[in-house]
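Every number in this text was worked out from the coordinates using simple rules, so none of it is lab data. Quantities reported herein were computed from a predicted structural model and do not represent experimental measurements. Virtual Cβ from ideal backbone geometry, glycine too; neighbours counted across all protein chains shown.
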């Protein structure tokens, strides 16, 4: 079923995965998708990649968003198909205090580094990732900087992270 | 040199009582000193100026133009600056080797000047193993480079030193095999002897003697470039390695010595190529009778020929990209060495078949070369003409009032 | 690439024999040939690498977090610094994100100005890329020629928006300044002059010009003295189309592997649907499809296509305002959007989440160089160190894009 229609994609997902897949949401082609339960994400991704009518062969973006008000961290997957030229968004919500999502690095190699970045900056653990370690920050940096409640450490290896304002006399 | 001293002694210009060997020694040292300080150092320096101006011209920019007229004193300023710079020795380096390496390289380089002819009787020592001595002594440079690479305590320098050593040692083979045909033709290893075997006219030069020596000329030039670590063979120096390969950790005077060795080597390449293949300093004897103006003319001609090849090496450096190490090795061992062997045997066979050479072939090869030069000149003229057509565009200034395009 | 004759047998017995180990080199953050502050930990066996493990983060400036602090309009200068070589595209991505979230309609003239500025920037970026690629391979001269051409564009853009590198030209809703008088003619004159020079540049590197002197053509083919360049690049680091898609390579890297995809044509935005241009794809001219040479040639051809686009835009420039009316206290409604622009380095994805306030909730920038870095570890196995340089240059990496 070659479907460029998000509703059809959603219907296919629903029929395969039932309740693990949420409702179709979105206002424009670039933000239309569904939520997925964390435990099912790998299977959903593999299904979307290998199913003949869907063929989402490219993981265009994998990002994490911190929603302290809802107390979740949302991992957002933008999937794109070069064959059928359609885009679909998957969102996985995980609790903020112990965020863990199965890794999709086995489905697309592009996920390896993207997931490392989400781990580094937001603290989400990706289970099954071949090499989960910090990528942008130094290995021994405390904390996860992109979290809304991140407080910058006073110093790092003896170097102070703030300095006197140069405007003060 | 020897004949000059003999003539001076015979003319009674030398105070009596001094043994002959002392005269020779004094004359060699004096001439050696003059050559080193008046010729080698300035030539190495001036070649850097020539290189930078030529590079600027090729890259559509001006080279150095501030220090002195047209930037001519730039090399002097750079030399003085290098000498005055702080002398840094890496703390974990192998200090005796580190300090010794530049001197080994410079020794190998300067020692080669003993057999480089300048014109007429001007040569420090016309050894009867001239060209072989040259090959042997320039191999000393390999030792110096390896020492520099190892003693720097820097993995990149080590890689650069090893690559350079492999390259120089490998390219000695085709170089040596390429000058052997010339030696066979001339019947002597001595540099002056090889020059005397040729004449002033192009068809008497070794390069046009037979097609095998013609090919040997190109192989020799390419191998000499590789031995001098010049682009396209400059992997040991530049590129992925840090700034200067084996010489990265060197500063100040030691760095200057490495530099000088490289640029002076260009002149040696030119001089040797001219000696072996292009008739050396031979001029038509009718031009000057008296020995002094004759020697001056011979020197001028030799210098011009040798420097032309320096210019070609500089030009190649700024035009061609670099060859990768394994490609370079493949080229040497799989292509140049067999070709050089073929040349050697071909020349031997030619000499047996035509003991006095074939005048017709010589003239034919001369015409070939003239033809190649003509085609090349045609291309140059075409490009110059095309550049002239767009000269208005060359002074294109987007900020000035532009012409309106319809 | 053949290694026959150069492979060295490694002996590992310690007692009574030679013991050798691999060298671990750090192609460190300071290096003349890496494009920015990048580090590779290279495990090498002499010349041949076992692996080159990239280590990034030296240029991480937390730009995404800064977006959450400075607000919608204030973030525009920061977007320049995400990829300072091709800054117009970053500007455009952010502006389009704001416009899409708030549903703002951008005037026609400003769309044309955007495309003109963007295509000039594309030429600028590609010139720098091919120039520095040639320089890394060892030919120093083409770099200076490329920069000479780039200087003219720098001057033109300076007249347009006041800056040569980090432009801050676009605004949410349009562009900052209108095209100055006389600029259009100068820009057209430049495009006319530049297009044939691309061939000349190719000739320096690729020896293919002499169209009107066929004898010289054959002579060139006989000698083809720039074979050195093609030998260095052909068949090095071949990436198949499947791998390219799997690792999320974009732009010339993806097209060099044979995938016919360009965001401008396939997911069109701005006024690209009205323009006529082609999308060059790698065809394995000198080696296999997807080697370094293909990626290089795709960039060269893209410059020509940019010239075509520029000519069309400059001739068709409509009148009108250059910026839509956007509130100074810009508060787009809550929601998220995913904008993709075809930057010089490929499809740049901007995932922007708004929560209805004057400050974005999250801005994630997914860049092409990030993905290209991730494939280097795989591609570098059994390459030589000199090839690693060629590979890095052929991917056209810029460190600020990788680290943000």
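The mean of 1/r over all distinct Cα pairs in segment C:269-339, once inverted, gives the Kirkwood hydrodynamic radius of 16.1 Å.
Output the 0 to 90 degree angle, nearest 10, between the alpha-carbon long axis of helix C:214-223 and the longest principal axis computed from the alpha carbons of chain C. Value to nearest ten degrees: 50. When the alpha carbon coordinates of the protein assembly as shown are projected onto the principal axes, the ranges are 112, 78, 70 Å, largest first. Springs join every pair of Cα atoms under 10 Å in this Gaussian network model of chain B, and among B:343, B:154, B:65 the largest mean-square fluctuation is at B:65.
Among B:160, B:71, B:228, the largest mean-square fluctuation in a Gaussian network model of chain B (Cα springs under 10 Å) belongs to B:71.
Here segment C:332-404 is treated as a Stokes sphere of Kirkwood radius computed over C-alpha pairs; at 20 °C and 1.002 mPa s its diffusion coefficient rounds to 152 µm²/s. Our compactness index for segment B:164-247, the C-alpha radius of gyration over the empirical 2.2 N^0.38 Å, is 1.34. Mean residue ellipticity at 222 nm, helices only, the protein assembly as shown: -16000 deg cm²/dmol; runs of at least 4 DSSP H residues each add -39,500 (n - 2.57), and the sum is divided by the number of residues. The mean count of C-beta atoms from other chains within 10 Å of the C-beta of residues in C:182-188, rounded to a whole number, is 5.
Take the Kirkwood radius over Cα pairs of segment A:91-169, plug it into Stokes-Einstein at 25 °C and 0.890 mPa s, and you get 170 µm²/s for translational diffusion. Its residue count N sets the reference 2.2 N^0.38 Å, and the alpha-carbon radius of gyration of segment C:50-173 equals 1.23 times that reference. One decimal place: the segment residue B:380-residue B:203 gains 61.2 nm when fully extended, by the rule 0.36 nm per residue minus the C-alpha distance.
For chain A, the extents of the C-alpha atoms along the principal axes are 69, 33, 28 Å, listed from largest to smallest. Each part gets one Cα centre, and for segment C:337-391 versus segment C:137-172 those centres are 22 Å apart.
The DSSP beta bridges internal to the protein assembly as shown are antiparallel in roughly 90% of cases. Per-residue shielding of A:111-119, expressed as the average number of other chain Cβ atoms within 10 Å of the residue Cβ, stands at 4. On the principal axes of its alpha-carbon atoms, segment B:301-374 has extents of 41, 34, 23 Å, going from largest to smallest.
Across all Cα pairs in chain C, the calculated P(r) in 20 Å bins from zero up to the longest distance comes to 26, 54, 17, 2, 0 percent per bin.
Each Cα pair under 8 Å and six or more residues apart adds its sequence gap; the mean of these over the residue count of segment B:83-357 is a relative contact order of 26 percent.
Say we join alpha carbon atoms closer than 10 Å with springs in a Gaussian network model of chain B; which of B:78, B:326, B:209 then has the biggest fluctuation? For chain B, modelled as a Gaussian network with Cα springs under 10 Å, the answer is B:326. Take each residue in A:54-63, count the other chain C-beta atoms within 10 Å of its C-beta, and the mean is 5.
Hydrodynamic radius of segment B:83-357 by the Kirkwood approach over all distinct alpha-carbon pairs: 19.5 Å.
What is the angle, in °, between the Cα long axis of helix C:183-206 and the longest principal axis of the Cα atoms in chain C? Nearest 10 is fine, range 0 to 90. The angle comes out at about 10 degrees. In this calculation the C-beta distance from residue B:184 to residue A:159 is compared with R0 = 60 Å, giving a FRET efficiency of 0.25. Averaging the sequence gap over all C-alpha pairs within less than 8 Å and six or more residues apart, then dividing by the number of residues, gives chain C a relative contact order of 26 percent.
A full extension of the chain between residue B:352 and residue B:80 corresponds to an added length of 92.3 nm, given 0.36 nm per residue minus the alpha carbon distance.
Note the angle between two axes, namely the Cα long axis of helix A:41-50 and the longest principal axis of the Cα atoms of chain A, as a number of degrees from 0 to 90, rounded to the nearest 10. Roughly 50 degrees, rounded to the nearest 10.
For the pair residue B:285 and residue B:367, a Förster radius of 22 Å applied to the C-beta separation gives a FRET efficiency near 0.30, rounded to the nearest 0.05.
Ordered by the number of other Cβ atoms lying within 10 Å of each residue's own Cβ, fewest first, B:87, A:93 fall into the sequence B:87, A:93. When each of C:330, B:220 is scored by the number of other beta-carbon atoms lying within 10 Å, the sequence from fewest to most is C:330, B:220. As a proxy for reagent exposure, A:51, A:155 were ordered by neighbouring Cβ count within 10 angstrom, fewest first; the result is A:155, A:51.
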